[in-house]
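Undergrad: I have a structure here, written as structure tokens, and I will follow up with some questions on it.
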Amino acid sequence: MSPLILIVEDEPDLRATLEYNLQREGYRTRSAATGRQALLAAREEPFPDLVLLDVMLPDVSGTEICRLLRADERTRAVPVLMATARGEEIDRVVGFEVGADDYVVKPYSVRELLLRIRAVLRRAQAKPAEQAKPDVEFGRLRLDISGHRCWVDADETILTALEFRLLQTLLERRGRVQTRDMLLTDVWGVSTAVTTRTVDTHVKRLRQKLGLAGNYVETLRGVGYRFLPAPNDGAAPVMDEHPKRDGGGAP
Ligand code: CA
């Protein structure tokens, strides 16, 4: 069956245009004009395969809707494509603080929208093939690949879909340098609209979320990032007790 797309857009003309174009492309659609309607429509079975979510809504903002979808067991895995107006805080939206998978900037062309929808759906549909994979363990870190869950020691860390993909990619390629461009292509998929700085922002945020396990991701200045080939948990306390003579640490 063709993917079901939930269109959340408060402007009636634009909503109708989106419905028309997505249906013409073979997608099934469901529509919502407000944030409240969007939440109801997202929780209704069959669940949507993707939510196209306008940021500026009359009642509840798109970013808040996205956060609520991520917090709900039933909808946490549904990919969200955010539609923002130019000048809105794209980095916050796609800073994936709220867990969006990608974004388009209004006014966008139908062609661009369809490309992004296809890319997001492709990434989401790639998941079932991974379901046979066992949990991955690395030092303090444990990943449930099919469930998209992550633990540091005993505590679960809530990662956005993108953060999880970033972590998984780095971890699977541990010991090997990953340039920002490689990560943009392989993690973000559509590499034109985001800059390499976006990669830095997300790696920084991922490290913060991982706490002690954040040290597993090394920065290679001017090049990119590398996940350690083996956990280094034993090393850190020793370094605290014996400051390095080259003074590399303290200012
Ligand atoms: Ca709007």
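Undergrad: Take Val199 and tell me if it is β-branched (Val, Ile, Thr), modelled with pLDDT of 90 or more and within 22 Å of Arg123 (Cα to Cα).
TA: Values: β-branched (Val, Ile, Thr): yes; modelled with pLDDT of 90 or more: no; within 22 Å of Arg123 (Cα to Cα): yes.
Here the answer is no, as Val199 does not meet what is asked.
Undergrad: To continue, here is another question. Starting from residues that are crowded, with 16+ Cβ neighbours inside 10 Å and in contact with a helix residue (DSSP H, G or I) (Cβ under 7 Å, 6 or more places away or on another chain), keep the ones in the range 173-189 and report whichever is modelled with the highest pLDDT.
TA: Residue satisfying both the conditions and the ranking: Gln178.
Undergrad: So which strands (runs of 3 or more DSSP E) are wholly in the range 1-87 and hold at least 1 residues that are hydrophobic (A, V, I, L, M, F, W, C) and more than 16 Å from the ligand (Cβ to nearest atom)?
TA: Details: elements: 4-8, 28-32, 50-54, 80-85.
Where strands (runs of 3 or more DSSP E) fall fully within the range 1-87 and carry at least 1 residues being hydrophobic (A, V, I, L, M, F, W, C) and more than 16 Å from the ligand (Cβ to nearest atom), they are 4-8, 50-54.
Undergrad: Hey, another quick one. Of the residues that make up the range 81-88, is at least one modelled with pLDDT of 85 or more, hydrophobic (A, V, I, L, M, F, W, C), surrounded by fewer than 17 Cβ atoms within 10 Å (Cβ to Cβ) and touching a helix residue (DSSP H, G or I) at 6+ places or on another chain (Cβ under 9 Å)?
TA: no
Undergrad: Please tell me if Leu170 is out of contact with any Phe, Trp or Tyr (no Cβ under 7 Å at 6 or more places or on another chain) and modelled with pLDDT of 90 or more.
TA: On the way: out of contact with any Phe, Trp or Tyr (no Cβ under 7 Å at 6 or more places or on another chain): no; modelled with pLDDT of 90 or more: yes.
The answer is no for Leu170.
Undergrad: Could you grab me the full set of residues in the range 139-159 that are at pLDDT 85 or above and either assigned by TED's automatic domain parsing to the domain that holds Leu69 or in contact with a Phe, Trp or Tyr (Cβ under 6 Å, 6 or more places away or on another chain) (or both)?
TA: If the condition is that a residue be at pLDDT 85 or above and either assigned by TED's automatic domain parsing to the domain that holds Leu69 or in contact with a Phe, Trp or Tyr (Cβ under 6 Å, 6 or more places away or on another chain) (or both), then Arg142 is the only one that fits.
Undergrad: For the range 17-56, name all the residues that are basic (Lys, Arg) and within 21 Å of Ala161 (Cβ to Cβ).
TA: Just the residues of the range 17-56 that are basic (Lys, Arg), to begin with: 24, 28, 30, 36, 43.
Hits for the range 17-56 are Arg30, Arg43.
The values are calculated or read from the model by the stated rules, or taken from the named source; none is laboratory data. Just so it is clear, the structure is predicted and the values come from calculations on it, not from any experiment. Because the Cβ atoms are built from the backbone with ideal geometry, glycine has one as well, and the counts that use them run over all protein chains shown.
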